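The values are calculated or read from the model by the stated rules, or taken from the named source; none is laboratory data. Remember, predicted model here, so these are calculated numbers, not experimental data. With ideal geometry, Cβ positions are generated from the backbone for all residues, glycine too; neighbour counts draw on all protein chains shown.
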Amino acid sequence: LRYADGKGWHDGRVEARAPIPMDPASAVLHYAQEIFEGLKAYALPDGGVSLFRPEANARRFQRSADRLAMPRLPEQAFLDSIAALVEIDREWIPTAEGGSLYLRPFMFASEVFLGVRPAQEYLYVLIASPAGAYFSGGVKPVTLWVSEDYARAAPGGTGAAKCGGNYAASLAPQAAAIAQGCDQVVFLDAVEHRYVEELGGMNVFFVYDDGTVVTPALTGTILEGITRESILTLARRAGHEVRERQVSFDEWRADAASGRLREVFACGTAAVVTPIGAVKWAGGEFRAGGAEPGPVTMALRQSLLDLQRGVAPDPDGWVYRVR
Ligand code: PMP
């Protein structure tokens with residue numbers, strides 16, 4: 001789909017994947033005016049195809065567009081683009097356990113203009129790719145590196161938007177995590193470098209010995225994960241006391257040491273739910289929580305997977321059938 005000021009969205013097309021011709025002065029190449037989403041289409045046991053809460057992705061895409069001074073793509077156009085592509089690519093949806101068709105909607109400033117102002121022309125594109133299970137051979141705890149020098153997002157910045165620029169800024173800290181032998185980076189807040197925000201591509205949860213489930217509150221610098229929001233609902237329904245609040249890195253270390261903190265897990269579209277194992281930082285290394293993978297982590301993971309695969313009741317209408 002194309003957008004131009006005064007003309008609106010127009011010229012929607014489905015075509016074979018091919019390079020996009022770009023002028024060297026296209027605005028996105030200079031000022032990173034780009035947003036994206038990530039979601040998965042699952043093959044259902046009855047031969048149908050499902051998506052998980054794609055309306056939530058459509059709405060987050062609109063919020064990201066607002067922050068990046070881009071036009072909103074109507075929710076229905078977002079959903080229709082996905083349905084059209086999934087219909088054509090349904091043979092490509094893996095049926096093996098954990099497999100899915102990964103969908104990547106994105107929008108960028110295509111206007112040929114070098115001045116710094118919101119562009120007047122955009123391209124919305126959707127691509128799809130079959131993906132295997134995130135974990136092959138069973139769930140394995142991931143290890144974390146706590147970034148105390150780099151931050152991901154500052155108050156008033158673009159942290160709550162899903163824009164390419166946020167990920168550009170996260171690459172150096174992610175490389176630092178890998179250099180430390182860790183899988184993922186943990187970001188702390190940009191002001192005090194004290195409070196846990198999220199991982200490079202996942203939100204984080206803490207489970208305490210009294211069954212309380214805690215995740216960092218949305219302060220405007222954290223991505224509002226759709227998996228995060230779903231886990232909050234599922235945990236509440238499973239009888240856990242659920243809290244959204246700030247968790248400092250000092251508190252995390254102290255509660256891990258005392259045994260009060262039993263499990264730590266991360267969640268996102270790609271891995272669904274993953275246990276956290278060791279945590280490294282400039283001052284040393286400790287075990288994130290207690291048992292890994294812990295029973296609460298694995299139970300929440302299973303209930304989300306069952307819902308997504310259409311084998312559990314769906315009281316909130318989260319499963320969206322493409323057909
Ligand atoms: N935080 C970041 C920085 C992410 O990139 C993602 C993945 N989109 C998430 C959290 C998890 O979000 P979701 O559950 O919507 O995939």
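Overview of results
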quantity	calculated
Which numbered condition Ser303 fails, given (1) within 29 Å of Ala56 (Cα to Cα); (2) outside any helix (DSSP H, G or I)	(2)
Residue match in the stretch 284-291 (condition: within 16 Å of the ligand (Cβ to nearest atom), among the charged types (D, E, K, R) and either assigned to a strand (DSSP E or B) or surrounded by fewer than 16 Cβ atoms within 10 Å (Cβ to Cβ) (or both))	no
Count of residues meeting criterion [crowded, with 22+ Cβ neighbours inside 10 Å, part of a loop (DSSP other than H, G, I, E, B) and hydrophobic (A, V, I, L, M, F, W, C)] in the stretch 188-204	1
Condition check for Val207: outside any loop (DSSP other than H, G, I, E, B), touching a strand residue (DSSP E or B) at 6+ places or on another chain (Cβ under 7 Å) and not assigned by TED's automatic domain parsing to the domain that holds Val14	yes
Filter result (more than 17 Å from Ala133 (Cβ to Cβ), among the charged types (D, E, K, R) and outside any loop (DSSP other than H, G, I, E, B)) within the stretch 38-57	Glu55
Selection count where residues are small (Gly, Ala, Ser) and either within 12 Å of the ligand (Cβ to nearest atom) or under 14 Å from Val186 (Cα atoms) (or both), scope the stretch 200-235	4
Residues of the stretch 148-185 satisfying the condition of being away from the ligand (no atom under 13 Å from the Cβ), farther than 25 Å from Gly294 by Cα and outside any loop (DSSP other than H, G, I, E, B)	Ala172, Ala175, Ala176, Ala179
Glu241 over 21 Å from Ala151 (Cα atoms) and in the same structural domain as Gly294 (by TED's automatic domain parsing)	yes
Residues satisfying the stated conditions in the stretch 62-101, i.e. in contact with a Pro (Cβ under 8 Å, 6 or more places away or on another chain), surrounded by 18 or more Cβ atoms within 10 Å (Cβ to Cβ) and not in a loop (DSSP other than H, G, I, E, B)	Ala65, Phe78, Ser81, Ile82, Ser100, Leu101
